[in-house]
Amino acid sequence: MITPGDPPLKAQVRGSTLNLAWQGISGATHQLLWSSNLVDWLPYGPPIVGTNGPMSLTLPLGEGPRKFFRFTRSP
């Protein structure tokens with residue numbers, strides 16, 4: 001889980017996409033999770049290994065149920 005002091009996650013909607021950006025932490029695994037009900041969370045894509053540099057994901061926005069996202073990091 002991201003804790004106070006972790007690099008901030010920036011989110012920006014551009015047209016029909018959601019762009020997420022953060023500073024990767026070398027050796028850490030970053031995972032985006034999604035939910036439609038804020039109770040059941042599922043991985044959104046595979047885990048991403050940190051690069052000790054800028055990292056980003058672009059997600060399509062479309063029709064369908066509302067989605068909530070949560071970002072986690074494992075050391």
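Computed from the coordinates by the stated procedures, all read-outs in this text should not be read as laboratory data. Since the structure is predicted, the reported quantities are computational estimates derived from the model, not experimental observations. Cβ coordinates were reconstructed from backbone atoms using ideal geometry, including for glycine residues, and neighbour counts include every protein chain displayed.
Can you tell me which residues in the range 28-44 are of a type outside the set (A, V, I, L, M, F, W, C) and under 18 Å from K10 (Cβ atoms)?
Matches in the range 28-44: H30, Q31, Y44.
Can you name every residue in the range 29-44 that is over 12 Å from F71 (Cβ atoms) and not polar (S, T, N, Q)?
L38, V39, D40, L42
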